[in-house]
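Quick notes on the structure that follows.
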């Protein structure tokens, strides 16, 4: 293994120790004095050092190559945290939620009476249930205080807070598409079902728009000038006595803005408030009864899909299976 | 070339041209080895999570077609009559037969008692279209038989079928952008006067390539539900809104609907209303911002920062109130909802609205900021200059030579026809 004349490669010059020395020597000749550590002079991929951006990427690549297992675990955690909703991992949601649940809490609180401990405990479990559900599916939750304030004079617009609160929440969440109003005395029984798969992804099939199949109020089914090709902007349910606004959804759109604006009108209220015992519900029924533009964009869901009743409500129709809670119902 | 590795031997085949040499590790490539199984499992999980094959297959079996709902239909009937003429107006030659007919001949009048309030008897007015045979052909044959017998039946049938007429062009690109809408009361003017009025609208639409929609006021009695409405001027104004609703249905793809009252004439047919007032750059300078709804000192004013392209409703004002003798509505769903809520029954029957729809729209604009943000007021002289009844000198509200439209709604019965004749001679048509 003497020195060969025909080959000038350092490796061919001697035995293995010489090879290592030759390696070091040629390395120290080509690199600048900044790098003391021998490892940093060479990248194992044998790529040249370009700009600082390439250097950063190279460094990360090298670290990944060296500590493969930790790197895989870190990437897995990052994917889980950003793209999924797995528990026990902090999630960074850069955008606003697509659906916001508005929970009307503290009903009955305020000036009228003290709330009993049972009522408080019901309220606590309801709120915890909604929080859990919202976190699980990445929805927003907005808990609104419905204390009776006696702000308005006698009957004049009292208990019409649904409209005001809906407007306020739409302002608070400017990028959210759907707003789901839930009364306090509801419980989500099947929290693993997300709203999208329950009906939102299949909106045209899941909702029915005309009242020919189920018409508890016997409203006229047919109305002129109604164009049913418009999208559904509001989803409500009907119970035995008419519309039920305990659990309904509203999409953000100019139609919804118009409805929220016109829902309470003093001239209509003055003439009708004696007949409107359920306030917004009855007003909406009257509007639905006479206005084609409202009929165009309201979709109805079967009651049990988002608002099954306990036994006791709608008591005169106790046998009707369409209203009452059965196993695996949603709310 | 081919080494004697491992098991198999490769003999060159006679017919092949040339084969690349196989790599040395060819026989050692077994994908499904024990050490590869976790990676393969991970790959399967990854593909399942992100591509969801079961979901895709289930989605294919779900019904693709949504529920089908009935198409929109006109006010009183379920059938439409399509026409490809963009001038829709009633058959005036039959109007002499309609004059003086009692209500129960032109409409189906029934008296009902509400079971909750049995002492109150209400009169329900429905169109004769509700008595139609559901089969179109049978109905048409029946009508033709009736028409052949008597002219009065012909007039009544034409009167009731006017509601079904819908515009459907031969060439879908050739849709009129602006529709001029008028509701004519056949008891108010003579045949000659009505002809002049309708001819004026049709001429303007012809010169400017727009459409016309004219109906009899009496056709909207089912919505008004009382013949007394047509007797007083203020109550008869409600017909404007119902006529506009019908016009929206007849011309679904137009851009603008311009209502002109029957007591008006378009004086200058050279003016193209889109360039004059409706385009964004034309509307912007003449929109009245911060103008009180009830001049001169109303508290609620129109908004300052509205943009012209968000305006859905354009109305005018007289000295003391909002006027709707001539107003413009855009064709989109917000404008539709404004029009429909304006015409709703609770406003129609509200006792505290002295001027009918004018009071109603003032009320709506005062109480509903969303609608106020979509409405604007333009000066009266643009589309609703008034005839100078009191012989005062010209003001901002009265007609002078060169104005676009003149209206004389405040006239008393015989004078209306004279004013019409007087202005009809002064109409300026474009030179052809």
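The values are calculated or read from the model by the stated rules, or taken from the named source; none is laboratory data. For clarity, every value in this text was computed on a predicted model and none was experimentally measured. Cβ placement follows ideal geometry from the backbone for every residue including glycine, while neighbour counts extend to all protein chains displayed.
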Practice task
Search segment B:122-142 for residues that are in contact (Cβ under 8 Å) with a residue 60 or more places away in the chain and pair each with any residue that is in a helix (DSSP H, G or I) when their beta-carbon atoms are under 7 Å apart and the residues are at least 6 apart or on different chains.
Solution key: B:125/B:221; B:125/B:222; B:126/B:222; B:127/B:160; B:127/B:163; B:127/B:222
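Condition check: out of contact with any strand residue (DSSP E or B) (no Cβ under 8 Å at 6 or more places or on another chain), free of Cβ contacts under 8 Å to residues at least 40 places away in the same chain and either crowded, with 19+ Cβ neighbours inside 10 Å or within 11 Å of chain B (Cβ to nearest Cβ) (or both). Does residue A:270 satisfy that?
Working: out of contact with any strand residue (DSSP E or B) (no Cβ under 8 Å at 6 or more places or on another chain): yes; free of Cβ contacts under 8 Å to residues at least 40 places away in the same chain: yes; either crowded, with 19+ Cβ neighbours inside 10 Å or within 11 Å of chain B (Cβ to nearest Cβ) (or both): yes.
Yes.
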Practice task
Please verify whether segment B:416-427 includes one or more residues that are within 14 Å of another protein chain (Cβ to nearest Cβ) and buried (at least 17 other Cβ atoms within 10 Å of the Cβ).
Solution key: no
Practice task
Give the residues of segment A:200-214 that are within 13 Å of chain B (Cβ to nearest Cβ) and within 26 Å of the chain's Cα centre (by Cα), sorted by residue number.
Solution key: A:201, A:202, A:203, A:204, A:205, A:206, A:207, A:208, A:209
Exercise for the section: Go through (1) closer than 22 Å to residue B:220 by Cα; (2) within 14 Å of another protein chain (Cβ to nearest Cβ); (3) not in a helix (DSSP H, G or I) one by one and return the number of the condition residue B:259 breaks. Expected result: (2)
Practice task
Output yes when any residue across segment B:289-307 is assigned to a strand (DSSP E or B) and within 22 Å of the chain's Cα centre (by Cα), and no when none is.
Solution key: no
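Among what's in segment A:288-313 and is within 11 Å of chain B (Cβ to nearest Cβ) and under 25 Å from the mean Cα position of the chain (by Cα), pick the residue that is farthest from residue B:363 (Cα to Cα). Outline the logic, then answer.
First, the residues of segment A:288-313 that are within 11 Å of chain B (Cβ to nearest Cβ): A:289-297, A:299.
Those left that are additionally under 25 Å from the mean Cα position of the chain (by Cα): A:297, A:299.
Values: A:297: 26, A:299: 30 Å.
The qualifying residue farthest from residue B:363 (Cα to Cα) is A:299.
Can you tell me how many residues in segment A:273-287 are within 12 Å of chain B (Cβ to nearest Cβ) and either under 19 Å from residue B:337 (Cα atoms) or not in a loop (DSSP other than H, G, I, E, B) (or both)? Please lay out each step first, then the result.
To start, the set of residues in segment A:273-287 that are within 12 Å of chain B (Cβ to nearest Cβ) comprises A:273, A:275-276, A:283, A:286-287.
Narrowing the set further to residues that are either under 19 Å from residue B:337 (Cα atoms) or not in a loop (DSSP other than H, G, I, E, B) (or both) leaves A:283, A:286-287.
Total meeting the criteria: 3.
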Exercise for the section: Give segment A:207-238 a look and list any residue that's surrounded by fewer than 18 Cβ atoms within 10 Å (Cβ to Cβ) and outside any loop (DSSP other than H, G, I, E, B), or say none. Expected result: A:208
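Here are some residues: B:181, B:109. Which one is under 30 Å from residue B:332 (Cβ atoms), touching a strand residue (DSSP E or B) at 6+ places or on another chain (Cβ under 7 Å) and either in a loop (DSSP other than H, G, I, E, B) or at pLDDT 85 or above (or both)?
On the way: B:109 fails: under 30 Å from residue B:332 (Cβ atoms).
Checking each option against the conditions leaves just B:181.
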Exercise for the section: Just one of (1) in a strand (DSSP E or B); (2) modelled with pLDDT under 90; (3) surrounded by 13 or more Cβ atoms within 10 Å (Cβ to Cβ) trips up residue B:119, so point out which. Expected result: (3)
Handout entry: residue B:195 surrounded by fewer than 20 Cβ atoms within 10 Å (Cβ to Cβ) and out of contact with any helix residue (DSSP H, G or I) (no Cβ under 9 Å at 6 or more places or on another chain)
Key = no
Completion exercise
Only one of (1) in contact (Cβ under 8 Å) with a residue 12 or more places away in the chain; (2) out of contact with any helix residue (DSSP H, G or I) (no Cβ under 8 Å at 6 or more places or on another chain); (3) more than 25 Å from residue B:420 (Cα to Cα) does not apply to residue B:206, and that is (3)
Completion exercise
Of the residues in segment B:330-341, those that are more than 9 Å from chain A (Cβ to nearest Cβ) and buried (at least 23 other Cβ atoms within 10 Å of the Cβ) number 0
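Return the only residue of B:90, B:70, B:74, B:96 being closer than 30 Å to residue B:195 by Cβ and within 12 Å of chain A (Cβ to nearest Cβ).
Details: B:90 fails: within 12 Å of chain A (Cβ to nearest Cβ); B:70 fails: closer than 30 Å to residue B:195 by Cβ; B:96 fails: within 12 Å of chain A (Cβ to nearest Cβ).
Result: B:74 is the single residue among B:90, B:70, B:74, B:96 that is closer than 30 Å to residue B:195 by Cβ and within 12 Å of chain A (Cβ to nearest Cβ).
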Exercise for the section: For segment B:342-368, enumerate the residues that are in a helix (DSSP H, G or I) and facing chain A (nearest Cβ under 7 Å). Expected result: B:345, B:346, B:347, B:363, B:367
Fill in the blank from the handout: Scanning segment A:215-267 residue by residue, those within 14 Å of chain B (Cβ to nearest Cβ) and under 26 Å from residue A:185 (Cβ atoms) turn out to be A:234, A:251, A:256, A:259, A:260, A:263, A:264
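Given the condition away from every other protein chain (no Cβ under 13 Å) and out of contact with any helix residue (DSSP H, G or I) (no Cβ under 8 Å at 6 or more places or on another chain), answer yes or no: does some residue in segment B:369-380 qualify? I'd like the intermediate steps shown before the answer.
Looking only at segment B:369-380, we keep the residues that are away from every other protein chain (no Cβ under 13 Å), and these are B:376-380.
Filter once more, so that each one left must be out of contact with any helix residue (DSSP H, G or I) (no Cβ under 8 Å at 6 or more places or on another chain): B:377, B:380.
The answer is yes; a qualifying residue exists.
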Exercise for the section: Output the number of the condition that residue B:403 fails; it satisfies all remaining conditions of (1) within 10 Å of chain A (Cβ to nearest Cβ); (2) surrounded by fewer than 20 Cβ atoms within 10 Å (Cβ to Cβ). Expected result: (1)
Problem - residue B:213 crowded, with 24+ Cβ neighbours inside 10 Å and closer than 30 Å to residue B:402 by Cα - result: yes
Completion exercise
Note on residue A:249: of the conditions (1) modelled with pLDDT of 90 or more; (2) within 25 Å of residue B:363 (Cβ to Cβ); (3) outside any helix (DSSP H, G or I), unmet is (2)
